[in-house]
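One structure below.
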Amino acid sequence: MAGASAQAGEYGRVTIRPMREADVNACAALMLAIPLWAEYAMTAERARATFAGALRAPARGLVAEEDGRIKGFIVYSVAGTFDHSGYVRAVGVAPDAQGQGIGLRLMDSAEGEILRAGPNVFLLVSAWNVDARRFYERRGYHQIGEIPDYVRSGITEILYRKTLGPIERRE
């Protein structure tokens, strides 16, 4: 199964499915409700643009939905890093739904698609976000560098990579 539509699936009462245009405002509101994004001075306009962009190739988006309510999102691209490797741009889970495995399920879905297309996934994590760093490290990501003042002045991003091997394998 290939493509974001193949990633839809039920996990208990939570469904992971491709993001739709009708989800943009709900995802933007959710992003603004997550304290992490306040550190980046996220605005409603920028949040909506993030999710509207996830509806156009090469970006992709998935949502976690329960009882008609968006509980989480992930925005990624299959070849968004150096034109060869997957990149996870944004992940978020509603504050009242954290710790329920929704972030794991969203990452499983996005990584599954990315790793079918190539052997690497990259993402950035704020250096101060210890919980997120621990989450990604448990998933097999390794820190490969730091980028100070990249997204916002005063914030250092940690570049992480999960790999199954080099892009080009030599026999």
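Every number in this text was worked out from the coordinates using simple rules, so none of it is lab data. What you see is a predicted model, and the numbers here were worked out from it, not measured in a lab. Note that we place each Cβ from the backbone using ideal geometry, even for glycine, and neighbour counts take in every protein chain shown.
A Förster radius of 35 Å, combined with the Cβ-Cβ distance separating Ala41 from Arg20, puts the computed FRET efficiency at roughly 0.80. For Ser126, the residues whose amide H sits under 5 Å from its own are Ile158, ignoring neighbours fewer than 5 places away on the same chain, with H placed 1.01 Å from N. Label-to-label distance, Glu137 versus Phe82, with points set 7 angstrom from Cα along the beta-carbon direction: 2.3 nm.
Across the chain, the relative contact order, built from alpha-carbon pairs under 8 Å that are at least six residues apart, equals 17 percent. Of the peptides 77-86, 138-147, the ranking by mean beta-carbon count within 10 Å, highest at the top, reads 77-86, 138-147.
Sorting 100-107, 59-66 by their mean Cβ neighbour count within 10 Å, with the most densely packed peptide first, gives 59-66, 100-107.
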